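Undergrad: Okay, here's the structure, questions in a sec.
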């Protein structure tokens, strides 16, 4: 990354060094720059330049724990991806939350960290995320990373979305935001399909 | 219809409004152009349409993106002490850029070892959730090669100046380059990350004869696909509990109302009794 900053700087320094070079004809350098064809040219654009040697990509720092003291949530988080239908994968046990591992983590420079858990699943007790809907504004959430780092957030909104209206592009955004998004289900349960009508989404912003 | 239920909460937290095109300048009228210097040992100046654009450009360096209106551009490479592009060491070559596209121009050696300029179009389509894209480009003075991932050929008989693209599950690939039909690496192995929402381009460059074959890597952030949804409740226990709690309150309220009306009746009877006395 430092290379990227230095290269344009070197370019600028090189150009300023070039400017007073006298014309090859041997005449003395003009005291004011003149657009003669024999003067050394200056680059018209300031283009970023980086090296191309293979470099390891930034390693994610997976969240391992989510705590929401206001509603007594303290649970393990594991990395999850997508299942075959393209929906977010979730740990089968509602007492364990899943972090969307293809997106940012709380220590990424940009983008939302998405953590979700089942509100309930057959043969398990109702999960801790069932309490998310009761969260007041400013409630504090703490995420702990695999290396012990912590990230602190405060609740900004709690929203019910009918499932088909879940704004997935915005919630799973990777630029322009660094929110924490907690997702579970809620609303009415449809016995025939075995699914809840709504998603309950908590959005929290980083707090110092 | 969505509803926000937390009391006293600021409505409408500024989530990223819809999908943000990653950091590219591509538009309906412009293209992105990157330039890779893949000729060993020869720093150059790069001129575009007669204007010096890259000064003292070093082998192995990658410049860009340049945001350019769609159209034809004349590209020439000169020695670094040249005053202009009247005596290029390579070119001038006319390249055509179409709007909405991303390109990488490479100054590289052809199979015979002579300097050449190639224009590649970068596949910047959105990746599927859980996948990344890998493009490999042969721009080395070397015969046909196989590209191996973890020792197994995933691209066969790639010749200079061709490319091949694979969409792969997110993860790390141990990539190497071997002469076609062989498995002994002539370049690598090197770890290459396949990332969700990223196009990773690996170039084989340099000269087999000069013994300076190498890998160059370029990454471009492209669109990613978010999961289609978050199905996070499959038993209905919570809804059931809510219904029971609600029923409990209704029953409790009815009892309270009944008790209240008993109290009222008793109070009135007592009052009436008092009045009667």
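The values are calculated or read from the model by the stated rules, or taken from the named source; none is laboratory data. Model, not experiment: these values are computed from the prediction. Virtual Cβ from ideal backbone geometry, glycine too; neighbours counted across all protein chains shown.
Undergrad: With respect to the numbered conditions (1) at the interface with chain A (Cβ under 9 Å from one of its Cβ atoms); (2) at pLDDT below 95, which one is the sole condition not fulfilled by residue B:229?
TA: (2)
Undergrad: Another question, then. Picking from B:250, B:187, which residue would you name as being free of Cβ contacts under 8 Å to residues at least 60 places away in the same chain, closer than 19 Å to residue B:59 by Cβ and more than 8 Å from every other protein chain (Cβ to nearest Cβ)?
TA: Working: B:250 fails: closer than 19 Å to residue B:59 by Cβ.
Just a single option satisfies the conditions, and that option is B:187.
Undergrad: Could you please give the count of residues in the stretch B:103-139 that are part of a strand (DSSP E or B) and in contact (Cβ under 8 Å) with a residue 40 or more places away in the chain? Give the steps one after another, and end with the answer.
TA: Within the stretch B:103-139, the subset part of a strand (DSSP E or B) is B:103-109, B:115-122, B:131-139.
From the residues that got through so far, the ones that are in contact (Cβ under 8 Å) with a residue 40 or more places away in the chain too are B:103-109, B:115-118, B:120, B:122, B:131-139.
Within the stretch B:103-139, residues that are part of a strand (DSSP E or B) and in contact (Cβ under 8 Å) with a residue 40 or more places away in the chain number 22.
Undergrad: Go through the stretch A:168-186 residue by residue and tally those that are more than 7 Å from chain B (Cβ to nearest Cβ) and surrounded by fewer than 21 Cβ atoms within 10 Å (Cβ to Cβ).
TA: Looking only at that region, the number is 1.
Undergrad: Of all residues being closer than 18 Å to residue A:171 by Cα and more than 7 Å from chain B (Cβ to nearest Cβ) in the stretch A:127-154, which is surrounded by the most Cβ atoms within 10 Å (Cβ to Cβ)? Just the residue, please.
TA: Per the criteria, the residue is A:129.
Undergrad: Residue check, residue A:197 against (1) without any contact (Cβ under 8 Å) to a residue 60 or more places away in the chain; (2) at the interface with chain B (Cβ under 8 Å from one of its Cβ atoms); (3) touching a helix residue (DSSP H, G or I) at 6+ places or on another chain (Cβ under 8 Å), all met but one. Which one?
TA: Every listed condition holds for residue A:197 apart from (2).
Undergrad: Identify all residues within the stretch B:37-85 that are in a loop (DSSP other than H, G, I, E, B), over 27 Å from residue B:207 (Cβ atoms) and facing another protein chain (nearest Cβ under 9 Å); write none if there are none.
TA: Listed by number, the residues that qualify are B:83, B:84.
Undergrad: May I pose another question? Could you list all residues from the stretch A:43-74 that are within 30 Å of residue B:45 (Cβ to Cβ) and either touching a residue at least 12 places away in the same chain (Cβ under 8 Å) or assigned to a strand (DSSP E or B) (or both)?
TA: A:43, A:46, A:47, A:48, A:49, A:50, A:51
Undergrad: Going by the structure shown, is residue B:78 surrounded by fewer than 20 Cβ atoms within 10 Å (Cβ to Cβ) and over 24 Å from the mean Cα position of the chain (by Cα)?
TA: no
Undergrad: One residue is enough: does the stretch B:200-211 have a residue meeting the conditions within 14 Å of the chain's Cα centre (by Cα) and either in contact (Cβ under 8 Å) with a residue 60 or more places away in the chain or surrounded by 19 or more Cβ atoms within 10 Å (Cβ to Cβ) (or both)?
TA: Checked against the condition, which is being within 14 Å of the chain's Cα centre (by Cα) and either in contact (Cβ under 8 Å) with a residue 60 or more places away in the chain or surrounded by 19 or more Cβ atoms within 10 Å (Cβ to Cβ) (or both), the stretch B:200-211 yields at least one hit.
Undergrad: I'd like to know if the stretch A:87-101 contains one or more residues that are without any contact (Cβ under 8 Å) to a residue 40 or more places away in the chain, surrounded by fewer than 20 Cβ atoms within 10 Å (Cβ to Cβ) and either within 8 Å of another protein chain (Cβ to nearest Cβ) or part of a strand (DSSP E or B) (or both).
TA: yes
Undergrad: Does residue A:174 qualify as being outside any strand (DSSP E or B) and touching a strand residue (DSSP E or B) at 6+ places or on another chain (Cβ under 9 Å)? Reasoning before the result, please.
TA: Working: outside any strand (DSSP E or B): yes; touching a strand residue (DSSP E or B) at 6+ places or on another chain (Cβ under 9 Å): yes.
Considered against the rule, which asks whether it is outside any strand (DSSP E or B) and touching a strand residue (DSSP E or B) at 6+ places or on another chain (Cβ under 9 Å), residue A:174 comes out as yes.
Undergrad: Which one of A:183, A:141, A:119 is assigned to a loop (DSSP other than H, G, I, E, B) and either under 19 Å from residue A:77 (Cα atoms) or in contact with a helix residue (DSSP H, G or I) (Cβ under 8 Å, 6 or more places away or on another chain) (or both)?
TA: On inspection, the qualifying residue turns out to be A:119.
Undergrad: Checking residue B:222 against (1) more than 13 Å from chain A (Cβ to nearest Cβ); (2) buried (at least 20 other Cβ atoms within 10 Å of the Cβ); (3) within 24 Å of the chain's Cα centre (by Cα): exactly one of these is not met. Which one?
TA: Checking residue B:222 against (1) more than 13 Å from chain A (Cβ to nearest Cβ); (2) buried (at least 20 other Cβ atoms within 10 Å of the Cβ); (3) within 24 Å of the chain's Cα centre (by Cα), the one that fails is (1).
Undergrad: Right, next: Quick one: residue A:124 ticks every box in (1) more than 7 Å from every other protein chain (Cβ to nearest Cβ); (2) touching a strand residue (DSSP E or B) at 6+ places or on another chain (Cβ under 8 Å); (3) at negative phi except a single one, so which number is it?
TA: (2)
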